[in-house]
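These notes concern the structure reproduced below.
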Amino acid sequence: MRVPVSVVGHPAVTFVLIRVAFLLGTALALVWVLPSTTAVLAFDAYDPITDYVFGAFAQWDSDWYLGIAENGYTEQSAAFFPLYPALVYALGWVIGSNLVAGVIISLAGAAVAAWAMVEIARPLIGERAARDSMLLLALYPTAFVFTSAYSEGLFLAFATTSVLAAQRGHPWIAGLLAGCAVGTRSMGLALIPALVVLLWPKTRLQIPRLAPVILLPLMGLAAVALTFDLALDDSLAFAHAQKYWDRDPSLLGRLGGVYETLRALPDSLHRLTSLPRRVGTS
C-alpha cells in the first residue's frame, strides 16, 4: 500500500521519523558498546531487542518517572509532577511495560507539539519558516528527551495546543490544556499570562472569557496538591521536595527569577564596563 505524500510530509510524521531514526541509531550503538562493558540497561521492555530500543535514553530523570509509575511517590520524588507518571502507569498496565509506555507517550506528545508549533507559526512567519521550526525542534541536541521517559514531550504538547487554542479564540479549550500542562510540570503556570494576552478582550463585556485560562490552570495546580495530599499527606510535597535537590525556591515562585535578575543587574553592568579594551598581551 502506497502512503500518500501528504501523510509523509505531515509535521508530526516528519518529526516522528527523525526522532525514531536517532533512537534506532542510538540503540545500535548500545548493541555495539554495552556487551564489551560492565554497564547495563536500567529498565526492561519485552526482550533484548526492545530493551535496547526503548531503553536507549532511559537515564537520569527517567529513573524517577518510571520509579513513580511503578512504586508511587516518596518525599524526594515529589519534585516530579504526577500527570506524566500517571499516564505511564495506565498505558504500561495495558501494554505490559512502563518503559515502552513512557517512550510512546513522550514521542506522541512531541509529535502533537511539532504539529501545533507549525500551526501556530504558519500565519505569523509563513509555511516554510513554520516547518523549519519543527525541524529545529526535532534536531535540537536535547531532543533525545522526546524518545525517553521524560515529561517534556507531554508538557510541550499541552503547552503548544493550549496556545494554538487561544490563538484561534477558544478559551475553555486553552484553559483545560493549560491545566493539563500544569499537572505535568509546574512551568505550565507560565502559560497564564501568555494566554491572557492572546485572548485579551476587545470590550469589557468580553472580560469573562479570560476566566478559563486563569482558573483552569490554577485548578490544575490544586489537583497536583490534592494528589500529593493523598499520596504523602502533604499537599505541598512538590515544594518541600526541593530540599533534596539542593534548591531554595523563592517565595515569589517563578517571579523570583525576575527579582534575582534585577538584583544582579548593577553588578553585571559594572562587569561589562570593566572589560579590557582588547584581549591579549601585545
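The values are calculated or read from the model by the stated rules, or taken from the named source; none is laboratory data. Small disclaimer: the values here were computed from a predicted structure and weren't measured. Reconstructed Cβ throughout: ideal geometry from the backbone, glycine too, with neighbour counts over all protein chains shown. To get the accessible areas, we keep the full protein, side chains included, count just its heavy atoms, and leave off ligands, DNA and RNA. Shrake-Rupley method; radii C 1.70, N 1.55, O 1.52, S 1.80 Å.
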Looking at GLU75, is it under 23 Å from CYS180 (Cβ atoms), surrounded by fewer than 23 Cβ atoms within 10 Å (Cβ to Cβ) and at pLDDT below 95? no
List pairs: first in segment 255-272 and modelled with pLDDT of 70 or more, second aliphatic (A, V, I, L, M), Cβ under 6 Å, 6+ apart or cross-chain? TYR259/LEU252
Among LEU135, LEU177, LEU139, which is the only one that is touching a helix residue (DSSP H, G or I) at 6+ places or on another chain (Cβ under 6 Å) and either at pLDDT 95 or above or hydrophobic (A, V, I, L, M, F, W, C) (or both)? LEU177
Is one or more of the residues making up segment 109-125 in a helix (DSSP H, G or I), of a type in the set (A, V, I, L, M) and surrounded by fewer than 14 Cβ atoms within 10 Å (Cβ to Cβ)? yes
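Taking only segment 41-83 into account, find how many residues are of a type in the set (S, T, N, Q) and touching an Asp or Glu at 6+ places or on another chain (Cβ under 7 Å).
Here the count works out to 0.
Quick grid of which residues meet (1) under 29 Å from GLY72 (Cα atoms); (2) among the charged types (D, E, K, R); (3) over 22 Å from the mean Cα position of the chain (by Cα):
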| position | (1), (2), (3) |
| --- | --- |
| GLY175 | yes, no, no |
| MET187 | yes, no, no |
| ALA194 | no, no, no |
| ARG204 | no, yes, yes |
Could we say that ALA78 is among the small types (Gly, Ala, Ser) and touching a Gly at 6+ places or on another chain (Cβ under 7 Å) here? no
Segment 159-176, residues that are hydrophobic (A, V, I, L, M, F, W, C) and open to solvent by less than 40 Å² (accessible area, probe 1.4 Å): ALA159, VAL163, LEU164, ALA165, ALA166, ALA174
So, in segment 210-242, how many residues would count as being buried (at least 16 other Cβ atoms within 10 Å of the Cβ), under 24 Å from LEU164 (Cα atoms) and more than 21 Å from the chain's Cα centre (by Cα)? 2
Would you say ILE207 is part of a helix (DSSP H, G or I) and open to solvent by less than 60 Å² (accessible area, probe 1.4 Å)? no
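Search segment 128-156 for residues being open to solvent by less than 10 Å² (accessible area, probe 1.4 Å) and part of a helix (DSSP H, G or I), and hand back the single one that is farthest from LEU87 (Cα to Cα).
ALA130
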So, ALA86, is that one outside any loop (DSSP other than H, G, I, E, B), farther than 25 Å from ALA21 by Cα and under 16 Å from the mean Cα position of the chain (by Cα) or not? yes
Residue in segment 55-65 that is out of contact with any Phe, Trp or Tyr (no Cβ under 6 Å at 6 or more places or on another chain) and at pLDDT below 80 present: yes
Being at pLDDT below 90 and of a type in the set (Phe, Trp, Tyr) is the requirement here; does PHE144 meet it? yes
